[in-house]
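To start, the structure under review is shown below, and the notes come after it.
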């Protein structure tokens, strides 16, 4: 095979892939619509079950297929992190920790701009092999 034949094979395969992606997108839209309808059905039916449970005055209703019930839930805790951390520091409670994060992009730019000298330890800069690529004229 020669270059032109190989590029044609790749171009044809990419075209086939695009056609399959379009077919998948259509099927996904149809299935997503059906899933949406089924979720609406489930939501409406759940509301009917809840109404039936409320009207019964019971905590739990059972049948052969299953049950519906009210479940006790734990208290919900919402934290204002800044205020709670200040409170922990004031009372010397160790329920917090400090995190240090390296801003790699800013450091790289500073080293490349020669604003900062690269450290001798902790950073390795290695050249990479060239990456193979190709281009087909006329799309795909």
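Structure notes:
- Scanning segment 62-92 for residues that are touching a residue at least 12 places away in the same chain (Cβ under 8 Å) and in a strand (DSSP E or B) turns up 68, 69.
- Number of positions in segment 59-94 that are farther than 30 Å from residue 42 by Cα and surrounded by 10 or more Cβ atoms within 10 Å (Cβ to Cβ): 7
- Test: residue in segment 122-130 that is in a loop (DSSP other than H, G, I, E, B), surrounded by 10 or more Cβ atoms within 10 Å (Cβ to Cβ) and over 27 Å from the mean Cα position of the chain (by Cα): yes
Since every read-out is calculated from the coordinates, none of them should be taken as a lab result. Quick caveat: nothing in here was measured; it's all calculated off a predicted structure. In this analysis, Cβ positions are derived from the backbone assuming ideal geometry, glycine residues included, and neighbour counts consider all displayed protein chains.
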